[in-house]
1. Run through the range 163-238 and list the trypsin sites (Lys or Arg not before Pro) located in a DSSP loop whose Cβ has at most 14 other Cβ atoms within 10 Å.
2. Below 10 angstrom from the Cβ of Tyr173, what's the summed charge of the other residues (Lys, Arg +1; Asp, Glu -1)?
3. I'd like the accessible area for Asp50: 1.4 Å probe, protein heavy atoms, all chains in place, Å² to the nearest 10.
4. What's the carbon and sulfur percent of the range 74-267's accessible surface, probe 1.4 angstrom, rounded to a whole number?
5. For the range 165-251, which GluC sites (Glu not before Pro) are both in a DSSP coil and crowded by at most 14 other Cβ atoms within 10 Å?
6. Exceeding 20 Å between C-alpha atoms, which entries from my cross-link table qualify? They are Lys134/Lys259; Lys87/Lys270; Lys87/Lys134; Lys80/Lys259; Lys87/Lys250.
7. In what order, largest first, do Met128, Met168 sit by accessible area if the probe radius is 1.4 Å?
8. Given charges of +1 on the Cβ of Lys and Arg and -1 on the Cβ of Asp and Glu, with all other atoms neutral, how large is the dipole of the range 74-267 about its Cα centre, in debye to the nearest 20?
Amino acid sequence: MKNTSMQAGQSRLRRSIFRISIVAGLFGVAVVTIGFVQSKDRVFTYPVHDTNRPQPAIVTPGAACTSSAPSDAIVLFGGKDLSAWSKGGTDAPAGWAVKDGVATIVPGSGDITTRQSFGDCQFHIEWMVPAELKCESQHGCNSGLFFNSQYELQILNSSGNVTYADGMAGSLYGQYPPLVNPCRPQGEWNTYDVIFRGPRFDASAGIIRTATETVFFNGVLVQDDVEILGATVHGARASYSAHPEAGPIKLQDHGDPLKFRNIWIRPLGKPQVAE
Ligand code: MG
């Protein structure tokens with residue numbers, strides 16, 4: 001009887017140890033999984049604008065290509081005029097120059113914004129930094145493309161012009177450097193093809209879905225469905241403020257006469273799933 005009782009006790013002990021091991025094992029898996037999920041898109045390895053952050057590898061893009069608008073796109077600039085745009089935040093005409101099918105920033109004339117508002121979209125733009133401009137880091141060759149007028153995809157000469165990685169061409173400014181650097185030299189046209197999905201907010205202005213962005217730069221993937229951390233700011237961690245789904249798209253006058261052509265957009269609905 002005593003032996004049987006001891007054996008039963010040992011058996012219960014073994015079962016307890018087994019259960020504890022299983023729970024500990026599952027907890028370990030959960031920790032690893034949570035760690036992986038949390039680190040998937042948000043690895044705060046470097047401070048904002050850290051000049052020690054490694055520079056993305058230089059990639060030579062394929063043959064230069066242009067892309068006029070597909071039939072269902074809204075043409076925002078087809079080479080004739082900037083009537084789809086206004087001086088940023090006003091009804092006044094956009095102050096940039098148009099000549100030979102190309103729009104050029106007139107420094108000091110101000111940002112320009114689309115007269116129409118957009119949310120989720122596919123967006124195409126071609127831009128060029130004239131050969132004669134002198135570039136030094138963020139100065140001399142800078143513009144920017146802002147969805148909802150506040151989430152910037154940086155436009156900058158990054159061919160032979162070194163700056164902090166999260167401020168390069170193809171970066172989501174102050175957040176994500178481009179995966180690689182396929183920027184063409186000054187005097188040559190670059191293309192951006194973007195899929196932007198805007199954020200969603202609830203009735204209490206709480207965020208229920210962060211914005212995401214995918215960017216092809218000269219046909220090369222440089223942003224892969226990344227989670228935007230908030231409205232673009234300089235030198236600080238970004239955060240969100242609630243806003244309507246649709247808003248104007250902004251092109252930045254940073255004081256440098258960059259050139260643009262072939263700008264078009266295709267608004268996107270929700271993905272349709274088969275039942
Ligand atoms: Mg900029």
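1. Passing both the DSSP loop test and the Cβ count: Arg237.
2. Summing Lys/Arg as +1 and Asp/Glu as -1 gives -2.
3. 30
4. 52
5. Answer in residue order: Glu188, Glu245.
6. Beyond 20 Å between Cα atoms: Lys87/Lys270; Lys87/Lys134.
7. Listed by decreasing accessible area, they come as Met128, Met168.
8. It works out to roughly 260 debye.
The values are calculated or read from the model by the stated rules, or taken from the named source; none is laboratory data. Given the structure is predicted, the values throughout are model-derived calculations rather than measurements. Note that we place each Cβ from the backbone using ideal geometry, even for glycine, and neighbour counts take in every protein chain shown. Heavy atoms of the whole protein, side chains included, go into the accessibility calculation; ligands, DNA and RNA do not. Shrake-Rupley method; radii C 1.70, N 1.55, O 1.52, S 1.80 Å.
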